[in-house]
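Accompanying notes for the structure given below.
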Amino acid sequence: MTRSLLRTLLAAALLAAAATGLAQSEPAAGSSGSLTAQDVLDRVVENLRGVSQWATLELTVQRPDRTTDYEMQIVTDGDKRSLARVTAPPREAGQAFLSIDTNLLIYNPRLGRSLRLPPSGRSNAFLGSDLSYDDLAGEEYKDQYDATISAQDAEAITLDLTPHPEAPTPYGKLEFRVRPGSYVPLSLTFFDQRGNAVKRMTFSDFVEVRGKTVPERFEVVDLLKDGYRTVASWTGVDYDTPVPDRCFTEAALERGCR
Amino acid sequence: MTSPSRRPPRGNGAASLARLAWRNLWRQRRRTLLLVVVVAYATLAIVFFWGFTDGFLDSIMNAQGRLVAAPVLVTTEHYHGDPDPANALNDPPAVERLALEDPRVHGAAPRIDFGALLRSPYTMEGVLARGVDPTREGQVSDLPASISEGRMLAGPGEIVLGRGVAQRLDARLGERVAIDVSAMAGPQALGLRLVGLIDAGTPAVDDSTALIDLADARTLTGVTGATGVALDVPLGQETAAAQAINARLNGTVRAYPVSELLGALQRGLAAERIQMIPMGLLFSLFAAVAVTTTVVVSVLERMREFGVIVSLGLDQARLAWLVTFESVFSTALGWLAGLVLGYGLLWVLNLTNALGAFVTGFYGDLLQGLALTDQISAGMRPEYALFASITIALAALFSALAPARRVRRLNPAAAMRTE
């Protein structure tokens, strides 16, 4: 998952709470000092608003009986657009994914054409991992979450994001842990409606980039299935080379961009 | 001595032979009873055969109409050929008003059928969802009455699932299920609370049904009208009602009876009916042979008696007609008794739904996909009596050819010496 895609996922959920103003507008019990839940969310989103970059993503999909390693070339504008191309293993190489806002296009070299992923396919696992295409493109949950600070200490601020009854999510709650001070994401846990944690994203290997602290590794664990894990790491990140707009077109999806 | 006439007796002669034949039946009660029982059994078997066949096929048609499709569905021709919401009806209320003018139509309800993805925290399921008017859907469908847990939709924001779907999603009553749809205006999604579980008794329904409010379906699909209007029409009158409605419809909107909504299944059912015809004829043939053999044995047993009759002055030809009258009368008695028993059996089977237990217990999972529940009726059509009467006609024919021919060649002297 690229930083922009990750930011999109988190920001969509977090901005939802911020936009509604349902987070406490005044300091309340459990707030981070003088900061409210909304303030915390705003700072996390701002911290995640990255810069354009070229990068290599190494994705490892672990299952009880096998482990599959992928390598992808990523290019992003740091905001709402990104292009990812699988370069390894050979049987998957050539597949490409173009994300623009909430639209996701997929290119398969065997078909020789691009397809817009319909909603029926967006919840499918990305390359068989524990991530779904929805995780990649980011769902817009504006106006559909209530956010509160449920705990805080020197190590983490914990936000509980509770979806509204009509929210198009099957989860009962999202638990978002953030590092105080730098407001970097530490973990995002998905709970079902019975209070059971079903999936957890954990962020690590933080680096400083132009005054921002961002994770270079994240891990997704399926808490319901033993041995189901997906790990993604960024390597060879280039922030200096500009990313042209032509990289976010269907032509680039099929032929690449450099 | 004049030669025996092969022509049937007429006038008083025929009446006398008939009276004599009728009296002979009650002189030989045991023999008559045996023949009556054979014919009654054959008639009962024929009536039951057609009643079961028609009832089984009608039950499939009824289940398809009341649980899967609709007794009659009014939609655009384009949608019938390509079930894309883009081909939906623009003015469902106008269609409803026109359809309700037909006295056979007792109710109407709009629907939106569309493909959707249901998501729970654990997995996802593709379904063909249906947007319905909760206040009227019960008129045209048995699905609301099949809810075994929870309740029917009360308005937007809710969903009712087949129990099999809910189990695969691991969704419980009161929990939220996310639904994703590719709408005409782009992808849409909603969170809906599960309020009811359907147990129709057939996997074709329980493993695939998802009902939501019509307003939610319009939000998700972008359809402002409906993909179709379902009509409540009594079983057996769907085709006639659809034809009458089509005579008043304009443009590209048409009414389709359930038989035209089944696709390949309809062709299979039609083929099944055709295949039953030779089997039914075989039934009648076996029954006729049984009757004829019984008559033959009866004639052979009475050779001495016939010898006495002929020696007393009744010619062989009239004696042959006497034998024929006796077999026709006894066969007719058996036919009437068989009809009473046969239709009575079908009535009892309908009352107790014994066929449902038998069919589901015997066929089990082989009938999946037919939407057949454990409620299976038996047909009770008057034409079964006509089919059974073929037995009488064949019996009369065979008795004229074989036993009557034997009697016609009777030698009285030889016959009276028969043991």
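The values are calculated or read from the model by the stated rules, or taken from the named source; none is laboratory data. In this text the structure is predicted, and so the values were computed from the model without any measurement. Note that we place each Cβ from the backbone using ideal geometry, even for glycine, and neighbour counts take in every protein chain shown. When the accessible area is computed, the model is the full protein with side chains, heavy atoms only, and any ligands, DNA or RNA have been set aside. Shrake-Rupley method; radii C 1.70, N 1.55, O 1.52, S 1.80 Å.
Laid out as a table, the results:
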read-out: Given (1) part of a strand (DSSP E or B); (2) more than 12 Å from chain B (Cβ to nearest Cβ); (3) crowded, with 17+ Cβ neighbours inside 10 Å, number of the condition A:Phe190 does not satisfy; value: (2)
read-out: Of all residues making up segment B:57-86, the number that are in contact (Cβ under 8 Å) with a residue 40 or more places away in the chain and either on the phi > 0 side of the Ramachandran plot or in a helix (DSSP H, G or I) (or both); value: 18
read-out: Filtered residues of segment B:158-173 (kept if open to solvent by 30 Å² or more (accessible area, probe 1.4 Å) and of a type outside the set (Asp, Glu)); value: B:Arg163, B:Gln167, B:Arg168, B:Arg172, B:Leu173
read-out: Subset of segment A:169-186 (residues that are facing chain B (nearest Cβ under 10 Å) and open to solvent by 10 Å² or more (accessible area, probe 1.4 Å)); value: A:Tyr171, A:Gly172
read-out: Sole residue being closer than 16 Å to A:Pro185 by Cα and open to solvent by 50 Å² or more (accessible area, probe 1.4 Å), chosen from A:Phe218, A:Phe206; value: A:Phe206
read-out: Complete set of residues in segment B:218-249 that are assigned to a helix (DSSP H, G or I), modelled with pLDDT of 95 or more and in contact with a helix residue (DSSP H, G or I) (Cβ under 9 Å, 6 or more places away or on another chain); value: B:Ala241, B:Ala242, B:Ile245
read-out: Residue identified as within 18 Å of the chain's Cα centre (by Cα), at pLDDT below 90 and not charged (D, E, K, R) among A:Pro242, A:Pro215; value: A:Pro215
read-out: Tally of residues being buried (at least 17 other Cβ atoms within 10 Å of the Cβ) and in contact with a Lys or Arg (Cβ under 7 Å, 6 or more places away or on another chain) across segment B:238-271; value: 1
read-out: Flag if B:Pro85 is within 14 Å of chain A (Cβ to nearest Cβ), open to solvent by less than 50 Å² (accessible area, probe 1.4 Å) and under 30 Å from A:Ala197 (Cα atoms); value: no
read-out: Search result, residues across segment A:197-217 that are within 14 Å of chain B (Cβ to nearest Cβ) and either without any contact (Cβ under 8 Å) to a residue 12 or more places away in the chain or under 22 Å from A:Trp234 (Cα atoms) (or both); value: A:Lys199, A:Arg200
read-out: Count - residues of segment B:108-141 that are more than 14 Å from chain A (Cβ to nearest Cβ) and either buried (at least 17 other Cβ atoms within 10 Å of the Cβ) or on the phi > 0 side of the Ramachandran plot (or both); value: 16
read-out: Matching option when the condition is surrounded by fewer than 18 Cβ atoms within 10 Å (Cβ to Cβ), within 14 Å of chain B (Cβ to nearest Cβ) and at pLDDT 55 or above, among A:Glu155, A:Glu166, A:Glu140; value: A:Glu166
read-out: Any hit, segment B:174-192, residues being under 17 Å from B:Val68 (Cα atoms) and open to solvent by 20 Å² or more (accessible area, probe 1.4 Å); value: no
read-out: B:Gly356 closer than 30 Å to B:Asp199 by Cβ, modelled with pLDDT under 80 and either open to solvent by less than 70 Å² (accessible area, probe 1.4 Å) or in contact with a Gly (Cβ under 8 Å, 6 or more places away or on another chain) (or both); value: yes
read-out: Test result for B:Ala154, surrounded by fewer than 17 Cβ atoms within 10 Å (Cβ to Cβ) and in the same structural domain as B:Leu211 (by TED's automatic domain parsing); value: yes
read-out: Hey, B:Ser148 open to solvent by 60 Å² or more (accessible area, probe 1.4 Å), in a strand (DSSP E or B) and over 25 Å from B:His80 (Cα atoms) or not; value: yes
read-out: Pairs, first of a type outside the set (A, V, I, L, M) in segment B:220-231, second surrounded by 24 or more Cβ atoms within 10 Å (Cβ to Cβ) and assigned to a loop (DSSP other than H, G, I, E, B), C-beta under 9 Å, six or more apart; value: B:Thr221/B:Ala88; B:Thr221/B:Thr227; B:Thr224/B:Ala88; B:Gly225/B:Ala88; B:Thr227/B:Ala88; B:Gly228/B:Ala70; B:Gly228/B:Ala88
read-out: Some residue of segment B:201-217 being within 14 Å of chain A (Cβ to nearest Cβ), surrounded by 22 or more Cβ atoms within 10 Å (Cβ to Cβ) and part of a helix (DSSP H, G or I); value: yes
read-out: Per-region count, segment B:166-182, residues within 14 Å of another protein chain (Cβ to nearest Cβ), in a helix (DSSP H, G or I) and farther than 14 Å from B:Val195 by Cβ; value: 2
read-out: Hits in segment B:325-338 (condition: among the β-branched types (Val, Ile, Thr) and surrounded by fewer than 21 Cβ atoms within 10 Å (Cβ to Cβ)); value: B:Val328
read-out: Condition met for B:Leu161 (outside any loop (DSSP other than H, G, I, E, B), in contact with a strand residue (DSSP E or B) (Cβ under 7 Å, 6 or more places away or on another chain) and either closer than 26 Å to B:Leu235 by Cβ or within 11 Å of chain A (Cβ to nearest Cβ) (or both)); value: no
read-out: Pairs where the first residue, in segment B:286-298, is in the same structural domain as B:Val39 (by TED's automatic domain parsing) and surrounded by fewer than 17 Cβ atoms within 10 Å (Cβ to Cβ) and the second is not hydroxyl-bearing (Ser, Thr, Tyr) and not in a helix (DSSP H, G or I), C-beta under 7 Å, 6+ apart; value: B:Val296/B:Ala402
read-out: Any hit, segment B:240-255, residues being away from chain A (no Cβ under 14 Å), more than 29 Å from the chain's Cα centre (by Cα) and of a type in the set (A, V, I, L, M); value: yes
read-out: Where a residue in segment B:266-281 is of a type in the set (S, T, N, Q) and its partner, wherever it lies, is part of a helix (DSSP H, G or I) and open to solvent by less than 50 Å² (accessible area, probe 1.4 Å), with Cβ under 6 Å and at least six apart; value: B:Gln266/B:Ser259
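The rows are residues; the columns are (1) within 14 Å of chain B (Cβ to nearest Cβ); (2) at pLDDT 75 or above.
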position: A:Gln95; (1), (2): no, yes
position: A:Leu105; (1), (2): yes, yes
position: A:Leu117; (1), (2): yes, no
position: A:Ser129; (1), (2): no, no
position: A:Tyr145; (1), (2): yes, yes
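So that you can scan it fast, the table gives a plain yes or no per residue for (1) part of a helix (DSSP H, G or I); (2) outside the structural domain of B:Asp206 (by TED's automatic domain parsing); (3) modelled with pLDDT of 80 or more:
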| position | (1), (2), (3) |
| --- | --- |
| B:Gly369 | no, yes, no |
| B:Ala378 | no, yes, yes |
| B:Arg381 | no, yes, yes |
| B:Leu386 | yes, yes, yes |
| B:Arg405 | yes, yes, no |
